[in-house]
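These notes are about the structure you will find just below.
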């Protein structure tokens, strides 16, 4: 509460323009948020001695080195890990969007027995984390012979992403005017065509929001890759980095480089899509 | 495909419904609903030498009373509540403050601040754990030197390595990473408050603090409640940060053990203790109940009480 007092124009103090205080606080917090990440990234490009002597200096011609990155690429298959993460994320997000949109359409458009129950079932999934079912998921995957396959991860992530997708997309389907579908039905257009040619294109903006929300937890997950697909061939980037750092913890160049390799692509993607993400967060899509 | 004969001829079997709903529902039920229910059932059985027998609530009784289990269980549960309390007391107030500042009228660069402050939230918890482990490392000494430069050097310690401070330090790392979420959600709510209401209070002579306290705060309470429940669920499900920084043993001496790491160890085993699917299922069931109770409390009490503030 003390911090909020700065909003009270105090007569005793020298009057500092309010916007200066606001900028000072926001700038300070921005530094706090970015500093740790920047320190790791700049030191990944420095020699071991420079990392310890001047950790806050930018790499210069003397201290610059890529030895850490060379070590990482030599000792582990970062290319493969990134590829695995990419395949799993794209397949899972793509299918969450398609199946989620189809389910959202069915649940909002058609009246049928069990509609309410299924809607409730999906709603539960928003709050109850899927990893509580891990014991059974693992034995299920063992029985289906899917352990150490990317398929196992894709299936679990679809199940994980669907509830929120169905919820957000249903809200969106409700805003589509009824006249649109009724006009199409009068022209005896099939239900399938109505969905794929009329509804699906209209859902695009909402699907972009869902895509971002679904993508982040999948890309960053450690739990399911660790339990369902820990093998070298199916390792995702998050698990790969975790294992690599655990193994080479004393090799500072390698550790810093491995972290940088995991951080930079995400930050590039984030800067590209941040507008989309923030619009999604602030448009009230998640209530 | 022939429609089923049992149905009225005028009302053919709704194949389109099966087509639209079927695939999604099937995957969701098989890989989420069924495993959850199966876990709840499994927690009532005991598996020994491949033989599974019904034992009722025995697994739970063992968890909360048996000497070898109960100490670890209550420790993890207590730590988890501490972890959650730190989030509530630190993450949400800072998020609120940042959101209020960001929504100041005619603030320049607000988009840039927003994007940059939200950045750590995007990264994997595992990566963030390692980043802070390096920064707080006494070997590297970045934090130590920084504290010396601002005259607080004597307070530096190997926080992550000490039993008394490791959990709190990890909680602060998590707060640092996720403060963007309350900030963003509260900011969105603040933007949606109609200008008329704020203007009216200003015309009535309220200063900006009074406007905030009496007008804006009640309107963002639902958002704060929602942020709290999201934090609750995420905290009682947390695993990655502890596993990355401290390993499955959640050291030193289990002082950073949370329900997530306890669940992992129970299920997969550690050191001399063998992993057990049914005990793992019992821990998962307890986590499920804790989260369920939290969500129910939110839905029935908080949500209802704050309803009257909504438009």
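Structure data summary
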item	result
Euclidean distance between Cα centres, the stretch A:204-236 to the stretch A:19-75, Å	27 Å
Of every Cα-Cα pair in the stretch A:40-94, the percent that sits beyond 17 Å	53 percent
Cα→Cβ-extended label distance, 7 Å offset, between residue B:64 and residue B:292, nm	1.4 nm
Bins of 5 Å, starting at 0 and running to the largest distance - Cα pair percent for the stretch A:193-287	2, 11, 16, 15, 15, 13, 11, 8, 4, 2, 1, 0
Percentage relative contact order, the stretch A:17-65, counting C-alpha pairs under 8 Å, at least six apart	32 percent
The protein assembly as shown: radius of gyration and largest Cα-Cα distance (Dmax), Å	25.9, 87
Histogram of C-alpha separations across the stretch B:59-309, 5 Å bin width, %	1, 6, 11, 14, 15, 14, 12, 10, 8, 5, 3, 1, 0, 0, 0
With eigenvalues of the C-alpha gyration tensor scaled by 5 and rooted, the stretch A:77-282, Å	37, 20, 14
Cβ-derived FRET efficiency at R0 41 Å, residue B:192 paired with residue B:249, nearest 0.05	0.35
Whole-angstrom gap from the stretch A:79-110 to the stretch B:207-243, using each part's C-alpha centre	29 Å
Rounded to 10°, Cα long-axis angle of helix A:252-282 versus longest principal axis of chain A	40 degrees
For the stretch B:166-277, Kirkwood radius (reciprocal of mean inverse C-alpha pair distance, Å)	17.1 Å
FRET efficiency, 1/(1 + (r/R0)^6) with R0 25 Å, evaluated for residue B:274 and residue B:53 via beta carbons	0.90
FRET efficiency, 1/(1 + (r/R0)^6) with R0 41 Å, evaluated for residue A:54 and residue A:276 via beta carbons	0.60
Spin-label zone in the stretch B:95-114 - amide nitrogen under 18 Å from a point set 7 Å from the Cα of residue A:20 along the C-beta vector	B:107-108
Where labels lie 7 Å past Cα in the beta-carbon direction, separation of residue B:109 and residue B:18 in nm	6.1 nm
Radius ratio Rg over Rh of the stretch B:81-181, counting only Cα atoms, Kirkwood formula for Rh	1.02
Reduced Cα scattering model of the stretch A:17-65, Debye log10 I(q)/I(0), q = 0.23, 0.28 Å⁻¹	-0.74, -0.93
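Every number in this text was worked out from the coordinates using simple rules, so none of it is lab data. Keep in mind it's a predicted model, so treat the numbers as computed, not measured. Neighbour counts run over all protein chains shown; Cβ positions are idealised from the backbone, glycine included.
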